[in-house]
Amino acid sequence: MKKSILNTFKIDIFRLENKHYVHEFEGGDDFFAALEQDLIEKGHFKATVTLDKSEVMIQLLYHIVGSVELTCDRSLDTFDFPVDITQKMILKFSDHTEEISDELMLIDRNTQYINVAQDIYEFIGLQIPMKKLHPRFQVEEQTFLSDFDEDDDSDEDFEDLVWEDDDEGEIVYSTSTADSEDDDDEEQTNEDEPEIDPRWAILKKLNNN
């Protein structure tokens with residue numbers, strides 16, 4: 001049963017002429033179950049795959065619309081998460097199969113068909129946020145962040161504090177007020193003492209001896 005579901009997402013490319021094609025796909029809970037993964041258990045989508053084939057490549061344009069059921073990380077309530085995805089893929093014909101990037105893949109030119117089920121699933125999975133919140137919590141969080149941005153003027157206060165110096169370079173911070181006062185007193189004492197004649201200093205040393 002699972003295999004037959006995924007088989008409905010096959011596109012026979014070997015017999016296609018070099019021109020434009022449009023394929024319609026639809027999937028539900030059985031689609032996600034067939035992929036044997038844990039990220040998405042329930043959901044529904046419709047996918048339109050536009051295919052352009054040429055001698056050297058196949059260009060695929062995916063448009064996927066639907067919703068998947070997620071579990072809120074905060075309340076554990078389930079909710080429907082909408083998806084609306086447009087994604088492009090390029091399959092370039094080669095002598096081997098190799099994934100070059102998320103949007104470019106080499107495929108053997110003798111490939112009979114492609115299955116777009118895995119691509120559709122991965123495109124939907126990439127839309128699921130890391131933090132899954134029920135819509136009612138999303139509104140609260142957005143309101144909180146908005147209010148926080150409006151009230152947060154700490155940067156402005158910091159700038160006012162730093163740049164209040166006058167042009168003469170006023171000192172706005174000192175690690176020790178007491179040390180600076182002692183230095184001032186010592187300088188004042190040294191200034192008040194008269195200078196001693198060097199000759200008297202020599203005589204005092206002789207008397208002391």
Notebook entry, point to check: Roughly how much of M105 is accessible, in Å² to the nearest 10, using a 1.4 Å probe?
Noted result: 60
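Kindly provide the trypsin sites (Lys or Arg not before Pro) of the range 2-33 that DSSP labels as loop, not H, G, I, E or B, and whose Cβ sees at most 10 other Cβ atoms within 10 Å. Before the final figure, lay out each step's value.
Numbers: sites: K2, K3, K10, R15, K19; in loops: R15, K19.
When the trypsin sites (Lys or Arg not before Pro) of the range 2-33 are filtered for loop state and at most 10 Cβ neighbours within 10 Å, R15, K19 remain.
Are there trypsin sites (Lys or Arg not before Pro) in the range 23-71 that DSSP marks as loop and that have at most 11 other Cβ atoms within 10 Å, and which are they?
Details: sites: K42, K46, K53; in loops: K42.
Passing sites in the range 23-71 do not exist.
At 0.36 nm per residue, minus the direct Cα-Cα distance, what do M130 and T97 gain on full extension? Give it in nm, one decimal, please.
Gain on extension, M130 to T97, equals 8.7 nm.
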Notebook entry, point to check: In nanometres, what is the gap between the two model label sites at D29 and E69, each 7 Å from Cα along Cα-to-Cβ?
Noted result: 0.5
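Do any GluC sites (Glu not before Pro) in the range 14-78 lie in a DSSP loop with no more than 10 other beta carbon atoms within 10 Å, and if so, which? Spell out each step's value before the answer.
On the way: sites: E17, E24, E26, E36, E41, E55, E69; in loops: E17, E36, E41, E55.
Sparse-neighbourhood loop GluC sites (Glu not before Pro): E17, E36, E55.
Return the subset of K46/K92; K46/K132; K19/K92 for which the Cα-Cα distance in this structure is over 19 Å, preserving the input order. Mind dumping the intermediate values first?
On the way: K46/K92 26 Å; K46/K132 23 Å; K19/K92 15 Å.
Long pairs (Cα-Cα over 19 Å): K46/K92; K46/K132.
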Next item on the list: Give me the compactness ratio for the range 21-71, meaning the Cα radius of gyration over 2.2 N^0.38 Å.
Entry: 1.41
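Efficiency by 1/(1 + (r/R0)^6): what FRET value for K42 and Q138, r their Cβ-Cβ distance, R0 = 25 Å, to the nearest 0.05? Don't skip to the answer; put the middle values down first.
On the way: r = 20 Å, r/R0 = 0.80.
Efficiency, rounded to the nearest 0.05: 0.80.
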Next item on the list: Please compute P(r) over all alpha-carbon pairs of the range 18-148, binned at 10 Å starting from zero, and give each bin as a whole-number percent.
Entry: 11, 34, 28, 17, 8, 2
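The values are calculated or read from the model by the stated rules, or taken from the named source; none is laboratory data. Keep in mind that what you see is a predicted model, and the values were worked out from it rather than measured. We place every Cβ from the backbone using ideal geometry, glycine too, and count neighbours over all the protein chains shown. Note: areas computed on protein heavy atoms with side chains; ligands, DNA, RNA excluded. Shrake-Rupley method; radii C 1.70, N 1.55, O 1.52, S 1.80 Å.
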